[in-house]
Amino acid sequence: MLLELETCTVRSWEAGDLASLVAHANNRRIWENLRDRFPYPYTRRDGQAFLQRVRGAWPETTFAIDVDGLAVGGIGFVLQADVERVSAEIGYWLGETFWGRGICSEALAAVTRYAIDEHGLTRVFALP
């Protein structure tokens, strides 16, 4: 998947993203605002396991936020089941050095549109 935006590119995760992923994800301020499945400290082993999981997932619903060729964050959605099958929970994180630039606002809007269009969703939601 590839969405080229003004402030960033949203794309599929690549094996070569490991170093950048670990460098940006290993941040307590990021961890404090995410679900418990996001570890802290974020180690190389965590990054390897994550990349292995998402690179083999179908359908692909977890993407890298790329700035200047580096994966500096992540964004994705979780498709729901049963009566909620037309819904998805969306979430994201971004390396702290990139905060305040409108990157996540733009990526969130684009991935929401992508999720609705590609999966026939009627509802995309996020938990605070």
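For this structure, a couple of remarks:
- For segment 19-38, a residue qualifies if it is open to solvent by less than 40 Å² (accessible area, probe 1.4 Å), out of contact with any Lys or Arg (no Cβ under 7 Å at 6 or more places or on another chain) and farther than 14 Å from Ile65 by Cβ, and the qualifying residues are Asn27, Phe38.
- Residue in segment 79-128 that is nearest to the chain's Cα centre (by Cα), counting only those that are aromatic (Phe, Trp, Tyr) and either open to solvent by 50 Å² or more (accessible area, probe 1.4 Å) or at positive phi (or both): Tyr92
- Enumerated helices (runs of 4 or more DSSP H) restricted to segment 1-111, each holding at least 3 residues that are without any contact (Cβ under 8 Å) to a residue 40 or more places away in the chain: 18-25, 44-55
- Residues that are under 13 Å from Gly73 (Cα atoms) and of a type outside the set (S, T, N, Q) within segment 1-13 comprise Cys8, Val10, Arg11, Trp13, listed in sequence order.
- Scanning segment 113-128 for residues being without any contact (Cβ under 8 Å) to a residue 24 or more places away in the chain and touching a strand residue (DSSP E or B) at 6+ places or on another chain (Cβ under 8 Å) gives a total of 1.
- Residues within segment 16-25 that are over 15 Å from the mean Cα position of the chain (by Cα) and more than 13 Å from Gly73 (Cβ to Cβ), tallied: 2
- The numbered conditions (1) closer than 25 Å to Glu4 by Cβ; (2) within 14 Å of the chain's Cα centre (by Cα) are all true for Phe38 except (1).
The values are calculated or read from the model by the stated rules, or taken from the named source; none is laboratory data. Computed from a prediction, not measured in an experiment: that's the story for all the values here. Using ideal geometry, Cβ is built from the backbone for each residue, glycine included, and neighbour counts are taken over all protein chains shown. Surface areas here come from the heavy atoms of the whole protein model, side chains and all, with no ligands, DNA or RNA. Shrake-Rupley method; radii C 1.70, N 1.55, O 1.52, S 1.80 Å.
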